[in-house]
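For reference, the structure discussed in these notes is given below.
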Amino acid sequence: MSVALLLVPDFLLIVLGALLRRRNAFDASFWPGLERLVYFVLFPALLFRSLARSPLALGDAGRMIAVAYAFTLAGMLLSALGRPLLRLPQPTFAACFQCGFRFNTYVALAAASRVGGDAGIALISLLIGTLVPLVNFAAVGMLARGRDQRVLSQLARNPLIIACVAGFGWQLTGAPLPGVADHILGLLAAAAVPLGLLAVGAGLVLRRGTLPLPAIAWWSGVKLVAMPAVALLLAQLLGLAPLERQIAVIMAAAPTATSAYILAMQMTGHGAPVAVLISSGTLLAALTLPLWIALVGSPVGP
């Protein structure tokens, strides 16, 4: 299981974050501040720089992007089926709905880097850039139903969407990033993934009774089993290149985004069930993600 060993350092950072949080190694205000720093500054810098400097255009990875849209839409459909099957209250369902298809960008980037190196980062940045608007639109739209919330205004303020649009826009100009700006963005980007993984660990919360076990099993199964299975099937049918196939499956198999909790709290206040799904999914992904990568094939990158 050499593929599993590739991801050990990244999941150990998650464990370290959990231990530091539970040992009260820092003040209580430190971790929310770290999450905001990563979400609003470091990760947008990584996305913008990766997309702006990427040698790949959208058309170069068209089939991979088509696969990503297909498995994401499949995740949305299966997630929506949770409402009639689980009979949860509407506010709880609306908060949990996003957990079936949103992806933890920190985990996905870390895995892509381990498997494909710089080429893997370039490919997954393309997927992140094209999927972030879609998944955020669906999540915000469901949470805003029946509320006086403006979906487009919520999306327009999303730092990840702003970074992706700006990165694609810069790439279209064909101009290189200025040396100083590129260096500063590179320093910020280098800190994004390790600090993001620490924040993921610090945010792990498992409280019994917050969400029924069938609901946890349903959304975990959709995110960690059904979506990567659809991704692998479509990648094989469309004949994606080996690395593209790896990256597509990694994106599909990544656990739910920690920002799903932030969004649920900001819009409805129903963050507790989302926190349970994020935490349980992240722990399960330590087993399922290496298995999916191994199933796709041998690592391509260093």
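Taking K and R as +1 and D and E as -1, what net charge do the other residues with C-beta under 11 Å from the C-beta of PHE97 add up to?
Numbers: positive: ARG83, ARG102, ARG145; negative: none.
My count for the surroundings of PHE97 gives +3.
If I stretch the segment between ALA217 and ASP182 completely, what's the gain in nm (0.36 nm per residue apart, minus their alpha carbon distance), one decimal?
Values: separation 35, 0.36 × 35 = 12.60 nm, distance 4.33 nm.
Extra length available between ALA217 and ASP182 comes to 8.3 nm.
Test of understanding: what is the full-extension gain from ARG145 to LEU19, defined as 0.36 nm times their sequence separation minus their Cα-Cα distance?
On the way: separation 126, 0.36 × 126 = 45.36 nm, distance 3.76 nm.
Net length gain for the segment: 41.6 nm.
Name the helices (complete DSSP H segments) of the chain with a Cα length along the long axis of 18 Å or more and a Kyte-Doolittle mean of at least 1.0, or state none.
Details: long enough: 2-22 (31 Å, 1.84); 62-80 (27 Å, 1.45); 105-144 (38 Å, 1.56); 159-173 (21 Å, 1.48); 179-202 (35 Å, 1.77); 272-296 (34 Å, 1.99).
Counting only whole DSSP H runs, the qualifying helices are 2-22, 62-80, 105-144, 159-173, 179-202, 272-296.
Rolling a 1.4 angstrom probe over the protein heavy atoms, how many square angstrom per residue are accessible across the chain?
Numbers: 13110 Å² over 302 residues.
Per residue, the chain has an accessible area of 43 Å².
Can you compute the equivalent ellipsoid semi-axes for the chain, i.e. the square root of 5 times each eigenvalue of the Cα gyration tensor, sorted largest first and rounded to whole Å? Provide the component values of the computation, followed by the final result.
Numbers: eigenvalues 144, 98, 86 Å².
Working from the Cα gyration tensor, I get semi-axes of 27, 22, 21 Å.
Between ALA28 and ALA175, 0.36 nm times their residue separation minus their Cα-Cα distance comes to what? Let's see the in-between values first.
Details: separation 147, 0.36 × 147 = 52.92 nm, distance 4.33 nm.
Going from the current span to full extension adds 48.6 nm.
Can you give the translational diffusion coefficient of region 98-200 in µm²/s, computed by Stokes-Einstein from the Kirkwood radius over Cα pairs at 20 °C and 1.002 mPa s? Before the final figure, lay out each step's value.
On the way: Rh = 15.4 Å.
D, rounded to a whole number, is 139 µm²/s.
The values are calculated or read from the model by the stated rules, or taken from the named source; none is laboratory data. Just so it is clear, the structure is predicted and the values come from calculations on it, not from any experiment. Ideal geometry is used to build each Cβ from the backbone, glycine not excepted, and the neighbour counts take in all protein chains shown. The accessibility values were calculated without ligands, DNA or RNA, using every heavy atom of the protein model including side chains. Shrake-Rupley method; radii C 1.70, N 1.55, O 1.52, S 1.80 Å.
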